[in-house]
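All of the numbers you see were taken from the coordinates with simple rules; none came from a lab. Predicted, not measured: the structure shown is a model, and the values here were computed from it. We place every Cβ from the backbone using ideal geometry, glycine too, and count neighbours over all the protein chains shown.
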Amino acid sequence: MTIGVIAIDSVNAFEATGVVTAMPVAVRELGGLPLFAWTFTSFVATFLFANVIAGEWADRFGPVRPLLIGSATFALGTLVAGFAPGMNIFLAGRAVQGLGSGAVIVAVYVLIGRAFPEQMRPRMFTALSGAWIIPGLLGPAIAGVFADTLSWRWLFFAVFILMIPIAVLLVPQMTRLDLPGDPGYRPQRSRIRLAAMAAIGTALIQFSGQRLNLWSIPTLALALALVALSVPRLLPRGTLRLRRGLPTVIAERGLLAGAFFASEAFIPLLLVEGRGLASAVAGITISSSAVGWFIGSWYQGRPTTRRTRESLVRLGSLMVCVGIVLTTLVVVPAVPPVVTIATWGVAAFGMGTVYGSLSVLLLDLSAVADQGVNAAGLQVADSVGAIVSTGIAGAIFAAGHSDTGTESVVYISIFAVTAALAAAATLVAGRVTPRSGLAHA
């Protein structure tokens, strides 16, 4: 079962890292360049929607059903995208992929909470982060070979083929597991409506940031209104007020997702456009961050660790902040751009430390019957934090980008915002445990 779950995560990681490389080729061949932004937006929107639905589903029926059906849905979407004759079908396939991936990630959290002993949970999250190392290092290169020598379609076909032996391994084990849900659980139908509003709102935020024109401002205003009306009600009560315990765990993830992923989105641009590196060399920086993330996750998951979860969250948040600040120095011409591998590795180590710790805390602080809903809230915070922060960074770049030599100021401004988010996460880290504390969760 453990191997099957890690294998699913590895395949998702390969698809996620490879699709960025192959997407321009695919969209160009399908004649859909004007719709390029929607190849990612359609995935993000359905991913977020599926997070909420899968959380309800897992609490009512247990994690097995959403995990298996989510995996099958992801595989189906991959096949649709691979065979797509035109852009509309391709976008439909990406949307189906998002539904499956969003369901799987929530189901895996609930599965770890219910099928694994408490002392094994930190190591399981370490294993899941380790599943991203090889895809993170090799995924872009393999996808590039497929796109350049065979066809971008083989990237999607390869993902589908890889899912077959995983299904053979996983399905018999899953169906034998006795992990029932709560028969008396009553789904909150209002959450479905709120999930749809949040999905549409976050998709429009991403879309408005990618297409700066006359419609961007009203589109962004509508998007922010939808997010403001829906997202707070999808999170545990007290999240925005940073109430101690579970609410701050959720908020912490949103802050750090915004800090890390918005920064990471602009590092390749800084290295290629600002420092003149080749795309392949710039990509090594992002690929190598998977190693730093795994080391951080391994550190928090050691059975012999004597640090409390609270101190691990504080340490990880601080490392993210320090990594972003150090990476900002690369805008200075005298600083060799290769140091980004080390500076961004510091931030990635912090993320591995804090993400694993927050995942463990989420399960420790959740009643068994609420693990699905709370895991969904964690993913909602992740997605919204990353999208909103990246949208703000994109607006800063669009407003300040020019050919007059002011690029350094633009990047410094972007990293100042993301470093401030990481600093805020560091300051509130002490609130992730109830007042009585959790010794070595």
Per the 1/(1 + (r/R0)^6) rule, R0 = 41 Å and r from the Cβ atoms of residue 395 and residue 116, FRET efficiency to 0.05 is 0.45
Most positive-pole-ward Cα, 95, 157, 80, against dipole of the chain from beta carbon charges = 95
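For 382, 59, what ranking results if the residue with the fewest other Cβ atoms within 10 Å of its Cβ goes first? The partial results should precede the final answer.
Details: 382 21, 59 24.
Least crowded to most crowded, the residues run 382, 59.
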Compute the convex hull volume of the Cα atoms of segment 238-435, divide it by the residue count, and report the result per residue in Å³ as a whole number.
-> 112 Å³
So what is log10(I(q)/I(0)) for the chain at q = 0.13 1/Å, when the Debye sum runs over its Cα atoms only?
-> -1.23
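Looking only at Cα atoms, what is the convex hull volume of segment 1-177 per residue, in Å³?
99 Å³
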Would you mind computing, in nm to one decimal, how far apart the modelled labels at residue 176 and residue 148 are, each placed 7 Å from Cα along Cα→Cβ?
-> 4.6 nm
Residues 325, 64 in order from fewest to most other beta-carbon atoms within 10 Å are 325, 64
With a Förster radius of 22 Å, plug the Cβ-Cβ distance of residue 134 and residue 16 into 1/(1 + (r/R0)^6) and report the FRET value to the nearest 0.05.
-> 0.95
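Given the rule -39500 (n - 2.57) for each run of at least 4 DSSP H residues, summed and divided by the residues of the chain, what is its mean residue ellipticity at 222 nm, to the nearest 500 deg cm²/dmol? Intermediate values should be presented prior to the final figure.
On the way: 15 runs with 333 residues, N = 441.
That comes out to -26500 deg cm²/dmol.
Among the complete DSSP H segments of the chain, which ones combine at least 15 Å of alpha-carbon extent along their axis with a mean Kyte-Doolittle hydropathy of 1.0 or more? Each step should come with its number before you reach the end.
Values: long enough: 2-29 (39 Å, 1.02); 38-61 (33 Å, 0.74); 64-83 (29 Å, 1.48); 87-115 (41 Å, 1.36); 133-145 (19 Å, 1.88); 153-176 (35 Å, 1.66); 189-210 (32 Å, 0.51); 216-234 (26 Å, 1.73); 246-269 (36 Å, 1.20); 279-301 (34 Å, 0.75); 309-328 (29 Å, 1.23); 340-364 (35 Å, 1.26); 371-400 (43 Å, 1.09); 407-428 (32 Å, 1.86).
Membrane-span-like by this criterion, though nothing is claimed about a membrane: 2-29, 64-83, 87-115, 133-145, 153-176, 216-234, 246-269, 309-328, 340-364, 371-400, 407-428.
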Between residue 88 and residue 335, with labels modelled 7 Å along Cα→Cβ, what's the label distance in nm to one decimal, could you check?
-> 4.9 nm
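Using Cβ contacts closer than 10 Å as the measure, can you line up 302, 176, 65 from fewest to most?
Values: 302 12, 176 9, 65 18.
With the fewest neighbours first, 302, 176, 65 line up as 176, 302, 65.
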For the chain, modelled as a GNM with alpha-carbon contacts under 10 angstrom, which of 140, 63, 172 fluctuates the most?
-> 172
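State the dimensionless ratio Rg/Rh of segment 191-234 (Rg: radius of gyration of Cα atoms; Rh: Kirkwood radius). Mind dumping the intermediate values first?
Numbers: Rg = 10.5 Å, Rh = 10.2 Å.
Checking Rg against Rh, the ratio lands at 1.02.
Filter the trypsin sites (Lys or Arg not before Pro) in segment 294-335 to those in DSSP coil with at most 13 other Cβ atoms within 10 Å of their Cβ, and list the result.
Numbers: sites: 306, 307, 309, 314; in loops: 306, 307.
Here the trypsin sites (Lys or Arg not before Pro) that fit, given the DSSP loop and packing criteria, are 306.
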